[in-house]
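Undergrad: Structure incoming, see below.
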Amino acid sequence: MGEMIDEEVEFENLERRILKINKESAREEFTAKLAKIRKEILELRNGLDLQDKLQVAGNASDHLESQKELPDDLQERKSKDVKTIKNELGCPNQTESMRRIGTCGLEDKSCVTGVFASGHSMSADMIRRYSRQLLVPAFGVSGQEKLSMSSVLVVGMGGLGSPVALYLAASGVGKLGLVDNDVVELSNLHRQIIHTEDFIGQSKVSSAASACLRLNSSIQLEEYGNGLNAANAVEIISQYDLVVDATDNLPTRYIISDACVATGKPLVSGAALGLEGQLTVYNHKNGPCYRCLFPTPPPLSARQRCSDNGVLGVVPGIIGTFQALEAIKIASGVGETLNSRMLLLDALSARIHMVRLRGRNSECIACGNTPQILASNLSDYDYEQFTQSTLSEEEPKPQKLISEEDRISAEELQKHLDSGKPCVLLDVREPHEFAISSLPNSLNIPLSTLKEKLPILRSALDSSIASSEKLVNGDAPVQLELLVNSGNGDSALTVAIPPVFVICRRGNDSQKAVQLLRNEGFSTLVDVVGGLESWAKNVDREFPCY
């Protein structure tokens, strides 16, 4: 009580000082301090009163408990009397505002036992776990409570979804849903940090769920291992407060956005490729949806994927962490979110740019004034037809741009190379891909620069012709022969022109190269079906794929 008297004296001193201060800013500062001290004193008094009431209630309870061997009709009365005494004393409901310290479940049982009063619903364990977040003034108890009561669905357990899921689990989101129908591969691990080598070949959702629960076993977690599609999107998304799009699949992006609009859920969307990334929040605070900005899908030639164009592992990690931050801000109601703005990351120069997005499109068929895509009919919309893409994560389908007569298999190429017959093996991949792995004695001229570097190919072909056998009326390695005039008008000598085998990663760009070279006058062109991936699968299983 002596401390309380000293603090009351401090009130009077502060009040006198405020009266002497003329500057308004200083007056406001001291007024705030005074209010804070008054609040602390009030809490201290309430705490002391509470301790006294609990002591009285405890004594009454002990007295009633000491009355042993009571008749049955009095046993029930005894239990009611304890509750009545506590209610009359104004003791709060322990499950609502009293928490017992020492139930943290720690293996070493090192926590101190005691009782504390609070105006919130967090247990001692929660306070201990999230204490560093609680100390952030802008977040605090209110933000943590809202986050702990929220639910977030994360679609995609890849490079973006990995940090999103881990940080949401660690920060204490109430319910976390994880969606993915893929399995963990070795090539995932450099960027999809939620997975480990132990889960290679297993479900990504199972792997991610295991990692999240190891990090925080107190959260509720739901797994959706069959993925998200038009048939189940509305049903799944409607169960959550907000959605995080961590996919790199175009039809899935449209499905997620349309379903979020149909169910009224904000959408945190991110993307990363190479050394660049972007992030925004759709369908939030009257902002646009994904379809508002992209009413028609980009052309096939403009679409890029990590498996084709690569990505530095940390880039999706940065964007994914930003996505987790936006989700936490939306769920907790703190800060300014990225609705109607887009964050652009240039990792190579370490620059971040912010651009303003145009507003909601009144003509949008999803969120416009007269929407056509609704929760009731979304499953009928053909997203694969609309985007000319599949929902699966399969590699691009093999193209057929030239006739089968101008193509050979990887096994046939091996036989020709083993025969020692002259040829030119042209690899049309980009130099950075060629540096990863290549077949011996292959010539690298990228498709992107092939037309400008035709002299290099002609020189290589001339060298191959010079080393080829000069056959007189003999069989040539290929059907086409170059007739060399003997001088008297007779074709006395025939020189076989070696074939030019054109190869790439999967057998698509090589066909384009054959078409280009044929237009430039080259004739002995042969495409290798399936490219180097077919070579690795059917000829040399030790050949590195990427």
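The values are calculated or read from the model by the stated rules, or taken from the named source; none is laboratory data. For clarity, every value in this text was computed on a predicted model and none was experimentally measured. Don't worry about glycine lacking a Cβ; one is built from the backbone with ideal geometry, like all the others, and counts go over all protein chains shown.
Undergrad: Tell me, yes or no, whether the stretch 261-280 has at least one residue that is free of Cβ contacts under 8 Å to residues at least 24 places away in the same chain and more than 25 Å from M157 (Cα to Cα). Steps first, please.
TA: From the stretch 261-280, those free of Cβ contacts under 8 Å to residues at least 24 places away in the same chain are 264; that's our starting set.
Still in the running and more than 25 Å from M157 (Cα to Cα): none.
Checking the stretch 261-280: not a single residue is free of Cβ contacts under 8 Å to residues at least 24 places away in the same chain and more than 25 Å from M157 (Cα to Cα).
Undergrad: Here is a further query. Got a sec? Which of S162, S206 is in contact with a helix residue (DSSP H, G or I) (Cβ under 8 Å, 6 or more places away or on another chain) and either in a loop (DSSP other than H, G, I, E, B) or crowded, with 24+ Cβ neighbours inside 10 Å (or both)?
TA: Values: S206 fails: either in a loop (DSSP other than H, G, I, E, B) or crowded, with 24+ Cβ neighbours inside 10 Å (or both).
Step by step, each of S162, S206 is checked, and only S162 is in contact with a helix residue (DSSP H, G or I) (Cβ under 8 Å, 6 or more places away or on another chain) and either in a loop (DSSP other than H, G, I, E, B) or crowded, with 24+ Cβ neighbours inside 10 Å (or both).
Undergrad: Which ones in the stretch 398-412 are under 13 Å from V502 (Cα atoms), within 41 Å of the chain's Cα centre (by Cα) and part of a helix (DSSP H, G or I)?
TA: Within the stretch 398-412, just A410 meets the criteria.
Undergrad: Hey, another quick one. Across the stretch 413-429, which residue is surrounded by the most Cβ atoms within 10 Å (Cβ to Cβ) among those that are out of contact with any helix residue (DSSP H, G or I) (no Cβ under 9 Å at 6 or more places or on another chain) and assigned to a loop (DSSP other than H, G, I, E, B)? Working first, answer last.
TA: Of all residues in the stretch 413-429, those out of contact with any helix residue (DSSP H, G or I) (no Cβ under 9 Å at 6 or more places or on another chain) come to 415-421.
Next cut, assigned to a loop (DSSP other than H, G, I, E, B) only: 420-421.
Working: G420: 7, K421: 17.
Among residues in the stretch 413-429 that are out of contact with any helix residue (DSSP H, G or I) (no Cβ under 9 Å at 6 or more places or on another chain) and assigned to a loop (DSSP other than H, G, I, E, B), the one surrounded by the most Cβ atoms within 10 Å (Cβ to Cβ) is K421.
Undergrad: Would you mind stating whether A124 is outside the structural domain of S217 (by TED's automatic domain parsing), under 18 Å from I219 (Cα atoms) and not hydroxyl-bearing (S, T, Y)?
TA: Values: outside the structural domain of S217 (by TED's automatic domain parsing): yes; under 18 Å from I219 (Cα atoms): yes; not hydroxyl-bearing (S, T, Y): yes.
The answer is yes for A124.
Undergrad: Does D527 satisfy the condition of being surrounded by fewer than 18 Cβ atoms within 10 Å (Cβ to Cβ), over 17 Å from S307 (Cα atoms), at pLDDT 95 or above and of a type in the set (D, E, K, R)?
TA: Details: surrounded by fewer than 18 Cβ atoms within 10 Å (Cβ to Cβ): no; over 17 Å from S307 (Cα atoms): yes; at pLDDT 95 or above: yes; of a type in the set (D, E, K, R): yes.
Answer is no for this residue.
Conditions (1) at pLDDT 95 or above; (2) farther than 22 Å from A233 by Cα; (3) surrounded by 14 or more Cβ atoms within 10 Å (Cβ to Cβ); (4) assigned by TED's automatic domain parsing to the domain that holds L267, marked per residue:
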{"residue": "K329", "(1), (2), (3), (4)": "yes, yes, yes, yes"}
{"residue": "V334", "(1), (2), (3), (4)": "yes, yes, yes, yes"}
{"residue": "M342", "(1), (2), (3), (4)": "yes, yes, yes, yes"}
{"residue": "L345", "(1), (2), (3), (4)": "yes, yes, yes, yes"}
{"residue": "G359", "(1), (2), (3), (4)": "no, yes, no, yes"}
{"residue": "L378", "(1), (2), (3), (4)": "yes, no, yes, yes"}
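Undergrad: Still on this structure, please answer the following. Have a look at S349, S332, S376, S362 and point out the one that is farther than 17 Å from S257 by Cα and without any contact (Cβ under 8 Å) to a residue 12 or more places away in the chain.
TA: Of S349, S332, S376, S362, the one residue that is farther than 17 Å from S257 by Cα and without any contact (Cβ under 8 Å) to a residue 12 or more places away in the chain is S349.
Undergrad: From the list A233, A262, exactly one residue is buried (at least 17 other Cβ atoms within 10 Å of the Cβ) and more than 21 Å from T390 (Cα to Cα). Which is it?
TA: On the way: A233 fails: more than 21 Å from T390 (Cα to Cα).
After ruling out the rest, the residue left standing is A262.
Undergrad: For the stretch 268-310: of the residues being of a type in the set (S, T, N, Q) and surrounded by 13 or more Cβ atoms within 10 Å (Cβ to Cβ), which is farthest from L357 (Cα to Cα)?
TA: Pass one, the stretch 268-310, residues of a type in the set (S, T, N, Q): 269, 278, 280, 283, 286, 296, 301, 304, 307, 309.
Narrowing the set further to residues that are surrounded by 13 or more Cβ atoms within 10 Å (Cβ to Cβ) leaves 269, 278, 280, 283, 304, 307.
Values: S269: 14, Q278: 13, T280: 9, N283: 12, Q304: 22, S307: 29 Å.
Within the stretch 268-310, the match that is farthest from L357 (Cα to Cα) is S307.
Undergrad: Of these, S403, S389, S437, which one is at pLDDT below 95 and surrounded by 13 or more Cβ atoms within 10 Å (Cβ to Cβ)?
TA: Working: S403 fails: surrounded by 13 or more Cβ atoms within 10 Å (Cβ to Cβ); S437 fails: at pLDDT below 95.
So the residue among S403, S389, S437 that is at pLDDT below 95 and surrounded by 13 or more Cβ atoms within 10 Å (Cβ to Cβ) is S389.
Condition check ((1) more than 16 Å from S257 (Cα to Cα); (2) touching a His at 6+ places or on another chain (Cβ under 8 Å); (3) among the hydrophobic types (A, V, I, L, M, F, W, C)) across all residues:
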site: Y282; (1), (2), (3): no, no, no
site: N286; (1), (2), (3): no, no, no
site: R291; (1), (2), (3): no, no, no
site: P295; (1), (2), (3): no, no, no
site: A302; (1), (2), (3): yes, no, yes
site: N309; (1), (2), (3): yes, no, no
site: V314; (1), (2), (3): yes, no, yes
site: G317; (1), (2), (3): yes, no, no
site: G320; (1), (2), (3): yes, no, no
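Undergrad: Residues to consider are L168, L186; find the one that is surrounded by fewer than 23 Cβ atoms within 10 Å (Cβ to Cβ) and either of a type in the set (A, V, I, L, M) or not assigned by TED's automatic domain parsing to the domain that holds V152 (or both). Even if it seems obvious, please write down each step before you answer.
TA: Working: L168 fails: surrounded by fewer than 23 Cβ atoms within 10 Å (Cβ to Cβ).
None of the others qualify; the one that does is L186.
Undergrad: Identify, by number, the condition in (1) free of Cβ contacts under 8 Å to residues at least 24 places away in the same chain; (2) among the hydroxyl-bearing types (S, T, Y); (3) closer than 25 Å to Y130 by Cα that T196 doesn't meet.
TA: (3)
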